[in-house]
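Please treat every number below as a calculation from the coordinates, not as lab data. Bear in mind the structure is a predicted one, so any value in this text is a computation, not a measurement. FYI the Cβ positions are ideal-geometry reconstructions off the backbone, even for glycines, and counts take in every protein chain you see.
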Amino acid sequence: MLICKTRPHHSCDLGALSVEEKIQIHAQEVLYPEGHCIRGASFLSRVPLLQHLAPIVRHHHRRYDAPPVMDQHGEAQLAQILFLADIIERSVNRDIYILHQNSRLRKVAEEEAGASVDPDVVGIFLDVSEREDFWLDLESPRLYYLLLHRGPFGGKQVGIGELKQISEMFRNIIDFRSRFTATHSSGVARSAMLISRAFGMSASEVQLMEVAGNVHDLGKLAVPNAILEKPAKLSEDEFQVMKQHTYSTYTILNMIGGLRQLPEWAAFHHERLDGKGYPFHLASDRLDTGARILAVADVFTALAEDRPYRKKLNDDKIIQIIAQMAADKKLDTQIVQALEDNIASIKAEVTEWQAPMLNFYETQFVPLSSAT
């Protein structure tokens, strides 16, 4: 449900949210349950590899007894399967052993038959859920492994073009959690691409650098909005929570086979050459050119955009701060120089690149969020 909800929920522990955020999310979905469905479908529709899933996500809260609006290639039944899966997942009590509640959960499904959910879908569920391993898999720490290797995309190979499209979808899911970060990852991706090109990296490395920039903050999906949007300096406890985001980015991307550089370039952007970064405390001998470029691109982009606690900085101030970080052996001096030499053109191109993302956020995403 990560794509649908555009927030930590099923795939990322809901416990990462504050009590206030949990209450707000629940209230939004009760009042306007279709909001997250529309947003999820909008994200998926922009990715050719995944756009066939958009109508399924769009209608996965449509009741069986409601007037039909779709029935192409079994999409209506697939949406109903997703609806029932959502109902069952929400009904699971994480504090009770799963085999002590499976009978109750089966009854929940039976009660939905013919009203919310297609009786045929409920029947299939009752058949497969008779086995204990069905329920044990749901609670297993190996669940992601099972989905990865037994799911429809298990072992599927994609080219750099498809990978870029998927990364752009996740970029928007990540950034659109807060108006202060609505174009952050797109800015990091573009500036990292331009810096790497100016630094003489190969065309394939430049492309992969853009992908890394798109997903460098993937782990922030597990960080509460109260921390992301705090209009003041984070407390020590809040900063410790924030530190998890690069670790989560690394562990998630490291599951993708064949792209060793991607998780390192994306997740090491808060490491520093002096070894005092986080979360791995890697020093210069462990940070390759790509990781160093993305670190500079992330700092540059953050300083050049508004934050809850300050306005964006001008070019002179940005250069002053980044140059000092290089002098303190936190950032790579040569890469900082490449940015400084091209800052006017890089900033102009990044601003132009971010414009359609900002337009998408303001015209399509914000109205839906306001409606909920």
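Tabulated data
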read-out	value
Hits among lysines - C-alpha to C-alpha of LYS329 under 20 Å, sequence gap 8 or more where chains match	LYS276, LYS317
In degrees, nearest ten, helix 34-45 long axis to first principal axis of the chain (Cα)	60 degrees
Extension reserve of the ILE160-GLN364 stretch, reckoned as 0.36 nm per residue once the Cα distance is removed	70.7 nm
Computed E for LEU143/GLU110 - FRET, C-beta separation, R0 22 angstrom, nearest 0.05	0.35
Crossing angle, helix 184-198 versus the chain [Cα axis fit, 0-90 degrees, rounded to tens]	40 degrees
Computed [θ] at 222 nm, deg cm²/dmol, the chain (DSSP H ≥ 4; -39,500 (n - 2.57); rounded to nearest 500)	-17500 deg cm²/dmol
The range 216-372, relative contact order [Cα under 8 Å, separation at least 6], %	16 percent
Cα→Cβ-extended label distance, 7 Å offset, between ASP288 and ASN314, nm	4.0 nm
Which label in (1) 141; (2) 150; (3) 119 gives the computed volume of the Cα convex hull per residue in Å³	(2)
Spacing of the two label points (7 Å from each Cα toward its C-beta) at LYS233 and ALA323, in nm	2.5 nm
Sorted peptide list for 291-304, 331-344, 164-177, criterion being average Cβ within 10 angstrom, highest first	291-304, 164-177, 331-344
Summed residue charge, Cβ within 11 Å of GLU340's Cβ, Lys/Arg positive, Asp/Glu negative	-3
